[in-house]
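Reading through the structure tokens given below for one structure.
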Number of protein chains: 2
Amino acid sequence: MPTKCINCPLRKRDVFVEMSECELAFMQEFKAGELKVEPGTTLMLEGSSSPQLYTVLDGMGLRYKMLENGERQVISFVMPGDFIGLQAGVMREMKHSVEASTDMVLCVFDRRTLWGLFRDHPERAFDLTWLAAVEEHFLGESLVVIGHMNGLARIARAFVRLHDRGESLGLAQNGVMKLPYKQQDLADALGLSLVHTNKSLKKLRERGIAEWRNGTLKILSYGKLCEMGLLDEKREMMKRPLI
Amino acid sequence: MPTKCINCPLRKRDVFVEMSECELAFMQEFKAGELKVEPGTTLMLEGSSSPQLYTVLDGMGLRYKMLENGERQVISFVMPGDFIGLQAGVMREMKHSVEASTDMVLCVFDRRTLWGLFRDHPERAFDLTWLAAVEEHFLGESLVVIGHMNGLARIARAFVRLHDRGESLGLAQNGVMKLPYKQQDLADALGLSLVHTNKSLKKLRERGIAEWRNGTLKILSYGKLCEMGLLDEKREMMKRPLI
DNA sequence: CGACAAATTGATGGCTGTCAAGACGTGTGG
DNA sequence: CCACACGTCTTGACAGCCATCAATTTGTCG
């Protein structure tokens, strides 16, 4: 089964490897089994110290932090190949929660084997650090988006990033991919209200740029979308007639 | 010299160690020397792959990303003990720049020795990963702040975090610490305009909560400051009479 | 059909960006 | 010593993006 395993800590950096190879190596020492979960399942809870770590084999999810007042900040979207629980592995506890948005299949391994991995397999430990650095990079990108772009641009940028990521995972074809999230999820990720997110999505539809309905994202004009996902296009963008 | 070295990859997790011990261990294999730089010096450039990595021994700086239109997103504030260049060490290139805001003293070591560290000193490699996880955590916090708090609350939260961090480093006394940044730096970190940042700072002064002038931050009411740095205090907060 | 979650739409208010001008401090040169 | 340039900080006016409230529609499920 030629599934790709992009971010699995056993894969080689910057290249794709076959899942079978990845799993084979894992099985040797670390893999404790596979886990299937339903939508809504909480995989990691902020403040807890899960005894198990996961690599996503299939399905999508969300990383998020809950705030005192009930609001929520979505940190990132979880896709196949993502590693879940690094914080629990090296720190005392998780600093955010992880939840399944669809049915998910997870590669499970034991947190206690992590130290053995560092001791006996430095190249894999290196990959883990690489993973963490990549996460840091993407969070920095998100800061830029939320800190400097208006609502429409944030959504456009998010769509481009999600689509590109999906495409590299083989989850997108001809600009169409499954995006099994709610508008509220996207709003919480971009620091926007649900209402404003909804209205911005409408604009993207009306302008024939992108559609996102029933869990499916369709990129109608990749060029325009990228254009809108840039900074300071505000004025030009907003003055453009709506179709 | 009993300086603290909090985040140095050689320190023990969750505890403080004497700088001397830290440096001693470093000298054995990895430390290549010390570096002194002036304010404004670019330590790392986004897109480059620096051959040298640093641990900050003294001084403060900024991590930031430059945007196409000339705007800037400050990712975080650099303080003594911080590690600089992890991305360059494990990825192809840096994803953000790092600049000195004051005179800085840096512990330098060679990027090429990083792999040897993973191979021969797994406990230190583990610490490096820990560092990366901590960074991820703080970036997530920043996302929450920028995504869900108004201007005044963002500044209040930033002051609390900066002060607490400074205090744990022995850089703050009685709520007073050096904060050698410009208002523009803070604005770029919080996703606010310079003008709005300035006006919010004025409010904090008028209410007798915090002052930040001439590079010195004075916390006048830690309690109130924390209160303001919370979510959804908006309405209560804004309705309070100004003095 | 009724209950519920999710998506949609309109009206209103305010936080915040932008523009513009001035004040303040510092260093340089005449 | 003063004039000037320069960066930083400060303040006011104005516009607009966006949050909030409220109500309706759509889709799903039993």
| task | Take region B:134-157 and flag every residue that is in contact (Cβ under 8 Å) with a residue 60 or more places away in the chain, aliphatic (A, V, I, L, M) and more than 10 Å from chain A (Cβ to nearest Cβ). | result | B:LEU152, B:ALA153, B:ALA156
| message | Could you go through region A:153-167 and let me know if any residue there is open to solvent by 20 Å² or more (accessible area, probe 1.4 Å) and in contact with a strand residue (DSSP E or B) (Cβ under 6 Å, 6 or more places away or on another chain). | response | no
| query | Out of (1) surrounded by 15 or more Cβ atoms within 10 Å (Cβ to Cβ); (2) more than 14 Å from chain A (Cβ to nearest Cβ), the odd one out for B:ARG213 is which? | reply | (1)
| For region A:51-63, what are the residues that are touching a strand residue (DSSP E or B) at 6+ places or on another chain (Cβ under 6 Å) and either open to solvent by 30 Å² or more (accessible area, probe 1.4 Å) or among the aromatic types (Phe, Trp, Tyr) (or both)? | A:GLN52, A:TYR54, A:ASP58
| said: Looking only at region B:185-227, filter to residues that are within 11 Å of B:ALA156 (Cβ to Cβ) and β-branched (Val, Ile, Thr); which one of those is farthest from DNA strand C (Cβ to nearest atom)? | reply: B:ILE219
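Considering only residues of region B:168-180 that are within 15 Å of the chain's Cα centre (by Cα) and open to solvent by 20 Å² or more (accessible area, probe 1.4 Å), which is nearest to DNA strand C (Cβ to nearest atom)?
Looking only at region B:168-180, we keep the residues that are within 15 Å of the chain's Cα centre (by Cα), and these are B:168-172, B:177-180.
Restricting the remaining residues to those that are open to solvent by 20 Å² or more (accessible area, probe 1.4 Å) gives B:168-171, B:178, B:180.
Numbers: B:SER168: 29, B:LEU169: 27, B:GLY170: 27, B:LEU171: 22, B:LYS178: 16, B:PRO180: 14 Å.
Among those that are within 15 Å of the chain's Cα centre (by Cα) and open to solvent by 20 Å² or more (accessible area, probe 1.4 Å), it is B:PRO180.
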| field | Total residues in region A:106-123, condition over 22 Å from the mean Cα position of the chain (by Cα) and buried (at least 17 other Cβ atoms within 10 Å of the Cβ) | value | 5
| Can you find even one residue in region A:40-51 that is closer than 22 Å to A:PRO180 by Cα and touching a helix residue (DSSP H, G or I) at 6+ places or on another chain (Cβ under 7 Å)? | yes
| message | Exactly one of these conditions fails for A:MET91: (1) under 20 Å from A:GLY61 (Cβ atoms); (2) at the interface with chain B (Cβ under 8 Å from one of its Cβ atoms); (3) free of Cβ contacts under 8 Å to residues at least 40 places away in the same chain; (4) open to solvent by 20 Å² or more (accessible area, probe 1.4 Å). Give me its number. | response | (1)
| query | Tally time: how many residues in region B:170-207 are among the β-branched types (Val, Ile, Thr) and either in contact with a His (Cβ under 6 Å, 6 or more places away or on another chain) or near DNA strand D (Cβ under 9 Å from one of its atoms) (or both)? | reply | 2
| note | Going through region A:23-50 in order, the residues found to be at pLDDT 90 or above and open to solvent by 80 Å² or more (accessible area, probe 1.4 Å) are A:LYS36, A:GLU38, A:LEU45
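The values are calculated or read from the model by the stated rules, or taken from the named source; none is laboratory data. Everything quoted here is computed from the prediction, not taken from an experiment. Cβ: placed from backbone, ideal geometry, glycine included. Neighbour counts: every protein chain shown. Keep in mind that these areas ignore ligands, DNA and RNA; they rest on the heavy atoms of the full protein, side chains included. Shrake-Rupley method; radii C 1.70, N 1.55, O 1.52, S 1.80 Å.
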